[in-house]
Amino acid sequence: MSLTREQVENYGERGYLLVKGLVPEKRLAFYERRFLDFARGTLKLPPGMKIMRDVMVVRGAAEPERAEDGINKAFGFHDDPGMFAYCLEPGIVSAVRSLIGEDVYSITTNLFNKPPRVDGRHPLHQDLLYFTLRPAERIIATWTALTAVTRENGCLAVVPDSHKGALLRHGDPDWEYVNHAFFGIAGEDNLEEQLPAREHIEMRRGDTLLFHPLLIHGSGRNASDSPRRAISAHYASGQCTAPGDDWRTWEQVRRIG
């Protein structure tokens, strides 16, 4: 389904768009089961895919009852046809093309698993920090809820219109527990005085948030008794450029036919 003109305009104005029920239930159940198989070791990880344990578990500050509750995220599943099918979901691809053009490539893949009763916060940040591709307007993130996503279990928080600004300086937050490469905007504690109020995006299973790589966003702790899970990807237009070799030949990049 292509997005409506109103949806495209809302994305351009606010830097994000929530589309409800974009991925069918049957597909959501498949992605979640496959993640659990990888987390529990019943499936061998494909080349390039990695599982990252939560920092509190690594340091012995939390003892998960189940293997999957010790995991913060799985990423780099471009070589697993089962998980990569998310990047090919017709609703996802159609929405992405409505916003960045027809010629698109997937450039990152993640499944976020925020375990219950761990810190698990992701400080406010901008995803463009992780990419050398430009222009930013031709890159987009998709983030699909595999569970209900609420304030209690650490939903995403976004700063509307922040995509119209520049890429800010980032660094390691001054927190006791922060997961690897979860960088935050430097001076985040003072952001409240500089930016409009953030909006918390609560989602039902199957809802998808599309957002601009300069949009300031983050997430809080999971204070519930259940995991908060989401599957995510970034896409770039074939019109993007990057320093050095042709980025379209990078190992993790896949053209969406």
- [ ] Under 11 Å from the Cβ of R14, count the other residues' Cβ atoms, weight Lys and Arg +1, Asp and Glu -1, and hand me the total.
- [x] -3
Open item on the list: Cut-off 10 angstrom, C-alpha nodes, Gaussian network model of the chain. Which of A67, A95, A233 fluctuates the most?
Closed with: A67
Task: I51 - accessible surface, heavy atoms, 1.4 Å probe, Å² rounded to 10 - done: 50
TODO: Sort D119, D103 from largest to smallest accessible area, using a 1.4 Å probe on the heavy atoms of the protein chains.
DONE: D103, D119
- [ ] Pull out the extension gain between R221 and L43, defined as 0.36 nm times the separation in residues minus the alpha carbon to alpha carbon distance; nm, one decimal.
- [x] 61.2 nm
Open item on the list: Under the rule a/c < 1.5 gives rounded, and otherwise a/b versus b/c splits prolate from oblate, where does segment 1-133 land using the Cα gyration tensor?
Closed with: prolate
Task: Derived scalar couplings ³J(HN,Hα) [segment 9-25; Karplus, 6.51 cos²θ - 1.76 cosθ + 1.60; whole Hz; x for Gly, Pro] - done: 5, 5, 4, x, 7, 9, x, 7, 8, 9, 10, 7, x, 6, 10, x, 4
Task: For the chain, size of Cβ-based charge dipole, Lys and Arg +1, Asp and Glu -1, in debye - done: 700
TODO: Diagonalise the Cα gyration tensor of segment 75-134 and give the resulting equivalent ellipsoid semi-axes, square root of 5 times each eigenvalue, largest first, whole Å.
DONE: 24, 17, 12
TODO: Could you order E63, E68 by accessible surface area, starting with the largest, using a probe radius of 1.4 Å?
DONE: E63, E68
TODO: Leaving ligands, DNA and RNA out of it, rank T241, T108 by accessible area with a 1.4 Å probe, largest first.
DONE: T241, T108
TODO: Tabulate in residue order the Karplus-calculated ³J(HN,Hα) for segment 70-85, using 6.51 cos²θ - 1.76 cosθ + 1.60 with θ = phi - 60°, rounded to whole Hz; enter x for Gly and Pro.
DONE: x, 9, 8, 6, 10, 8, x, 9, 5, 9, 9, x, x, 6, 5, 4
Task: Relative contact order (%) - criterion: Cα under 8 Å, at least six apart; region: segment 1-153 - done: 26
Open item on the list: Pairs of alpha-carbon atoms within less than 8 angstrom and 6+ residues apart define the contacts here; what relative contact order does the chain have, in percent?
Closed with: 31
- [ ] Please report how far the C-alpha centroid of segment 201-255 lies from that of segment 104-177, rounded to the nearest whole angstrom.
- [x] 7
Task: In order through segment 203-215: 3J(HN,Hα) via Karplus (6.51 cos²θ - 1.76 cosθ + 1.60), integer Hz, x for Gly, Pro - done: 9, 8, 3, x, 6, 10, 9, 9, 8, 6, x, 9, 5
Open item on the list: Please state the shape class of segment 45-108: rounded when a/c is under 1.5, otherwise prolate if a/b exceeds b/c and oblate if not, all from the C-alpha gyration tensor.
Closed with: prolate
Open item on the list: Past 25 Å, Cα to Cα: identify those pairs from K20/K73; K20/K44; K26/K164, in the order given.
Closed with: K20/K44; K26/K164
- [ ] With r as the distance between the Cβ atoms of R59 and E6 and R0 = 41 Å, compute the FRET efficiency 1/(1 + (r/R0)^6) and round to 0.05.
- [x] 0.30
TODO: With a cut-off of 18 Å, note down the residues of segment 111-137 whose backbone N falls inside the zone around a label point 7 Å from the Cα of D172 toward its beta carbon.
DONE: 119-125
Open item on the list: Within 10 Å, Cβ to Cβ, of G70, how many net charges do the neighbouring residues add up to if Lys/Arg are +1 and Asp/Glu are -1?
Closed with: -3
Open item on the list: Using amide H atoms built in the peptide plane, which far-off residues or other-chain residues are under 5 Å from S224 H to H?
Closed with: R117
- [ ] Per DSSP H run of n ≥ 4, the term is -39500 (n - 2.57); total these for the chain, divide by its residue number, and report the mean residue ellipticity at 222 nm rounded to 500 deg cm²/dmol.
- [x] -5000 deg cm²/dmol
Open item on the list: Can you give me the distance in nm between label points at S94 and H200, each placed 7 Å from the Cα along the Cα-to-Cβ direction?
Closed with: 3.3
TODO: Please calculate the 1.4 Å probe accessible area of W250, with all protein chains present, and give it to the nearest 10 Å².
DONE: 80
Task: Solvent-accessible surface (1.4 angstrom probe) belonging to D69, in square angstrom, nearest 10 - done: 20
Task: Prolate/oblate/rounded label for the chain (Cα gyration tensor, a/c 1.5) - done: rounded
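The values are calculated or read from the model by the stated rules, or taken from the named source; none is laboratory data. All values derive from a computational prediction rather than experimental measurement. Glycine gets a Cβ as well: all are built from the backbone with ideal geometry, and neighbour counts include every protein chain shown. For the accessible areas, the whole protein counts, side chains as well, though only heavy atoms, and no ligand, DNA or RNA atoms are used. Shrake-Rupley method; radii C 1.70, N 1.55, O 1.52, S 1.80 Å.
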